[in-house]
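The block underneath contains the structure these notes are about, expressed in structure tokens.
The values are calculated or read from the model by the stated rules, or taken from the named source; none is laboratory data. It should be emphasised that the depicted structure is a prediction, and the values quoted were computed from it without experimental measurement. Glycine also receives a Cβ, built like all others from the backbone with ideal geometry; neighbour counts cover every protein chain displayed.
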Amino acid sequence: MTCQIKVEQKLYTNLTKEQASLYEVVVLDVEKQLQSAEGIQRKGLILSTLMKLKQICNHPAQFLQDGSDFSPLRSHKLSRLAEMVEEAVDEGESLLIFSQFTEVGEKIEKHLKHSLHCNTYYLHGGTSRPRREQMITEFQDPNTEPSVFILSLKAGGVGITLTKANHVFHFDRWWNPAV
């Protein structure tokens, strides 16, 4: 009989200089806007600002939406994720990565596939049912090399069992911890 141990870790990284300057600009802008906002407008402003700050913390390219390079040099969070993925795959282990943002999942997959040359899968809401089943079957196959399965939170949270993975990373957590 094997013993399964669950270990949870929260890892914190600093913002890059680019991220910190974008963060500061957004905070200063919202401070100005809040002075004249009231009621529902104020609540909406706070929620949209939280989303912008979360995007900046993920990667500047996500916030800027300018097609710029999704490089680990621009995000210590992405850099640390790539290090942990490489370590797990080198040990022959498979893993899951969750993101609430489909565009981030897509970019993470592309980055890991091209920089680490590891076997990757990406499941999101637009994935067809046959493709979804094929990816799950391949990932779960004991003969498949160590793999990275990237899932959008909404698509990945329903009716999927991926027991081959022994590492789970949440690149960005949902606002509601219950989700």
Discussion item. Here are the criteria: (1) among the small types (G, A, S); (2) closer than 30 Å to E145 by Cβ; (3) without any contact (Cβ under 8 Å) to a residue 24 or more places away in the chain. Tell me which single one S99 does not satisfy.
Written reply: (3)
Worksheet entry | Checking F139 against (1) modelled with pLDDT of 95 or more; (2) farther than 21 Å from P72 by Cβ; (3) hydrophobic (A, V, I, L, M, F, W, C); (4) not in a helix (DSSP H, G or I), the condition it does not meet | (4)
Worksheet, complete the sentence: Of L78, L123, L95, L112, the only residue that is among the aliphatic types (A, V, I, L, M), in contact with a helix residue (DSSP H, G or I) (Cβ under 8 Å, 6 or more places away or on another chain), over 28 Å from L15 (Cβ atoms) and buried (at least 20 other Cβ atoms within 10 Å of the Cβ) is L123
Practice prompt. Residue by residue through the stretch 32-74, note down the ones that are more than 20 Å from the chain's Cα centre (by Cα) and outside any helix (DSSP H, G or I).
Written response: Q35, S36, A37, E38
Item to complete: Taking the options E109, E86, name whichever one is touching a strand residue (DSSP E or B) at 6+ places or on another chain (Cβ under 9 Å), of a type outside the set (S, T, Y) and modelled with pLDDT of 95 or more.
Response: E109
